Structures are given as C-alpha cells and as structure tokens.
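In what follows, a single structure is set out as structure tokens and then discussed.
Where a number appears in this text, it was derived from the coordinates with a stated rule and is not lab data. None of these values were measured; they are calculated from a predicted model. Cβ placement follows ideal geometry from the backbone for every residue including glycine, while neighbour counts extend to all protein chains displayed.
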Amino acid sequence: MTKYQQININNKFDKFSDYWSPRIIAEMNDYQFKLVKVQGEFVWHEHSDTDEVFIVIDGKLIIEFRDGRVELKPGEMFIVPKGIEHKPVAQHESKIMIIEPRGVINTGDAGGELTAGNDVWI
C-alpha cells in the first residue's frame with residue numbers, strides 16, 4: 001500500500017446496503033465525511049450545536065422544514081443551519097455525503113429506532 005491513497009466514493013457505497021446509517025470514509029481536522037444510503041422518510045430532528053452539510057452523489061434528496069423544503073439533485077448540496085428542525089426524505093434509494101463534526105448523532109435530539117451507531121468506518 002502506498003503512503004498516499006485516494007478514496008473511491010462509489011466503491012465505498014458498494015460496501016454497505018442499509019439505509020439511514022452513515023459510514024465514515026475520512027476525517028479532516030474534527031470533521032467527518034460520511035456516506036449514507038437513504039430511502040423513505042427520516043425523523044424530524046435538529047442539531048443544536050452544528051450545521052450539517054448534505055451533498056447528493058446519486059438520486060434525489062428532499063429536506064423538509066416546518067416552513068418549506070429544498071430538493072437536491074446529483075451534484076447539489078445544502079447546509080442545514082444548526083438548531084433548524086429538518087426531515088430528510090428520499091422516494092427512491094439515493095446516495096448522500098454528509099459532512100459534520102466528529103461525534104454528531106444522525107437523529108440529533110430526536111433519538112429513536114433510526115439512531116445509527118456513531119464512528120462506523122468503511
């Protein structure tokens with residue numbers, strides 16, 4: 001193995017199949033780059049201490065807010081400001097990259113059955 005190694009995002013997506021369960025592929029300073037496959041509706045939640053970046057790699061992601069929504073296609077991104085309640089939705093399987101500080105729980109303050117294990121690497 002070489003000292004310098006690129007990360008192939010598509011190959012990483014091939015390594016898991018479950019939905020709403022982010023996998024870490026890299027860290028930069030205190031930020032983690034996570035891949036997640038999504039389908040259906042997530043839970044209403046917020047992150048009181050941090051913004052959250054969503055980048056659509058494949059598919060389509062809708063982020064609903066109590067007063068509106070944003071629709072993202074491949075190659076588009078959106079930053080949900082800290083403290084803003086939101087609910088991600090994907091009608092069909094979509095592949096998303098999330099960038100957020102180390103230790104952030106995917107369901108934020110909501111908890112529940114969709115809470116994923118933290119710090120899971122692929």
Quiz prompt | Phi-based couplings in Hz for the stretch 103-115 (Karplus 6.51, -1.76, 1.60; Gly and Pro marked x) | solution = x, 6, 8, 4, 8, x, 7, 7, x, x, 5, 8, 5
Quiz prompt | For the chain: relative contact order, % (alpha-carbon pairs under 8 angstrom, 6 or more apart) | solution = 32 percent
Quiz prompt | For Asp51, residues with placed amide H under 5 Å, excluding near neighbours | solution = Lys82
Exercise. Give, as a single signed number, the net charge of other residues whose beta carbon lies under 13 Å from the beta carbon of Asp49, with Lys and Arg counted +1 and Asp and Glu -1.
Key: -4
Practice problem: Any of Lys15/Lys73; Lys15/Lys87; Lys3/Lys73 with alpha carbons more than 30 Å apart? Name them for me. | Solution: Lys3/Lys73
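Could you compute how fast the chain diffuses translationally, taking Rh as the Kirkwood radius over C-alpha pairs and applying Stokes-Einstein at 20 °C with viscosity 1.002 mPa s? Give it in µm² per second. Intermediate results must be reported in sequence, preceding the final value.
Numbers: Rh = 14.6 Å.
For these conditions, the coefficient is 146 µm²/s.
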Exercise. Only Lys, Arg, Asp and Glu count, each charged at its Cβ (+1, +1, -1, -1), so figure out the dipole size of the stretch 26-122 about its Cα centre, rounded to 20 debye.
Key: 300 debye
Quiz item: Given H placed 1.01 Å from N in the peptide plane, which residues other than close sequence neighbours of Tyr31 have an amide H under 5 Å from its amide H?
Solution: Arg102
Quiz prompt | Farthest toward positive dipole pole in the chain [+1 Lys/Arg, -1 Asp/Glu at C-beta], among Trp121, Ile7, Ile55 | solution = Ile7
